[in-house]
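Supplied in structure tokens, the structure appears directly below.
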Amino acid sequence: MAIIITDECINCGACEPECPNTAIYEGADEWRYSDGTSLKGDIVLPDGKEVNADEVQDPISDEVYYIAPDKCTECMGFHEEPQCAAVCPVDCCVPDEDRVESEDELLGKQRFMHPDG
């Protein structure tokens, strides 16, 4: 499952540089699927959604840091545990119970975004 950042976030920014998928953004910042990945142009995501990887996406939160769930792999393929949760001083990076994904799905998403890595 993807990780989410709760509204207890203190906006310290410790999590953002730790994400190997560039899935963490400061509140109110726009994001792209192509940020920090190999994705470019028109793509079909593993869940079947068609998007342009270079197109700007609206912020998911205006108040606190947030994680783009389609880019979050819980650090599978990179680290033993989610790095955002490991460095968060207030423990507000938690599993998103609404987006349950298996280890195989998370690794598949990681390979999709980083086929050469």
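The values are calculated or read from the model by the stated rules, or taken from the named source; none is laboratory data. It should be emphasised that the depicted structure is a prediction, and the values quoted were computed from it without experimental measurement. For neighbour counting, all protein chains shown are included, and Cβ atoms are generated from backbone atoms with ideal geometry for every residue, glycine included.
I need the full set of residues from the range 59-98 which are of a type in the set (S, T, N, Q) and assigned to a loop (DSSP other than H, G, I, E, B), in order please.
The first filter runs over the range 59-98 and keeps only residues of a type in the set (S, T, N, Q), leaving 61, 73, 83.
Across the range 59-98, the qualifying residues are 61, 73.
Another question about this same structure. Quick check, is residue 94 among the aliphatic types (A, V, I, L, M), in contact with a strand residue (DSSP E or B) (Cβ under 9 Å, 6 or more places away or on another chain), modelled with pLDDT of 95 or more and within 24 Å of residue 12 (Cβ to Cβ)?
It is true that residue 94 is among the aliphatic types (A, V, I, L, M), in contact with a strand residue (DSSP E or B) (Cβ under 9 Å, 6 or more places away or on another chain), modelled with pLDDT of 95 or more and within 24 Å of residue 12 (Cβ to Cβ).
Of all residues in the range 48-81, how many are within 17 Å of residue 5 (Cα to Cα) and either touching a helix residue (DSSP H, G or I) at 6+ places or on another chain (Cβ under 9 Å) or of a type in the set (Gly, Ala, Ser) (or both)?
Of the residues in the range 48-81, 10 are within 17 Å of residue 5 (Cα to Cα) and either touching a helix residue (DSSP H, G or I) at 6+ places or on another chain (Cβ under 9 Å) or of a type in the set (Gly, Ala, Ser) (or both).
Would you say residue 49 is without any contact (Cβ under 8 Å) to a residue 24 or more places away in the chain and within 22 Å of residue 108 (Cα to Cα)?
Yes; evaluated as a whole, the condition is true for this residue.
Okay, moving on. Which pairs turn up if I take residues in the range 68-83 that are touching a residue at least 12 places away in the same chain (Cβ under 8 Å) and farther than 14 Å from residue 36 by Cα and look for partners that are among the acidic types (Asp, Glu) and part of a loop (DSSP other than H, G, I, E, B) with beta carbon separation below 7 Å, at least 6 apart in sequence or on another chain?
Pairs found: 69/96; 82/74.
Would you check if residue 65 is within 16 Å of residue 110 (Cα to Cα), of a type in the set (Phe, Trp, Tyr) and modelled with pLDDT of 95 or more?
Judged against the criteria, residue 65 is not a match.
Quick test of your reading of the structure: residue 99 fulfils all but one of (1) modelled with pLDDT under 95; (2) over 15 Å from residue 5 (Cβ atoms); (3) of a type outside the set (A, V, I, L, M). Name the failing condition by number.
It fails just one condition, (2).
Output the residue which, of all residues in the range 12-29 that are within 20 Å of residue 80 (Cβ to Cβ) and crowded, with 21+ Cβ neighbours inside 10 Å, is nearest to the chain's Cα centre (by Cα).
Filtering the range 12-29 for residues that are within 20 Å of residue 80 (Cβ to Cβ) and crowded, with 21+ Cβ neighbours inside 10 Å, the one nearest to the chain's Cα centre (by Cα) comes out as 23.
So that you can scan it fast, the table gives a plain yes or no per residue for (1) surrounded by 17 or more Cβ atoms within 10 Å (Cβ to Cβ); (2) within 21 Å of residue 17 (Cα to Cα); (3) of a type in the set (A, V, I, L, M); (4) over 15 Å from the mean Cα position of the chain (by Cα):
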residue	(1), (2), (3), (4)
31	yes, yes, no, no
34	yes, yes, no, no
38	no, yes, no, no
42	no, no, no, yes
52	no, no, no, yes
65	yes, yes, no, no
70	yes, yes, no, no
73	yes, yes, no, no
102	no, no, no, yes
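Among the residues of the range 99-116, what is the count of those that are touching a residue at least 40 places away in the same chain (Cβ under 8 Å) and either assigned to a loop (DSSP other than H, G, I, E, B) or polar (S, T, N, Q) (or both)?
Result for the range 99-116: 7.
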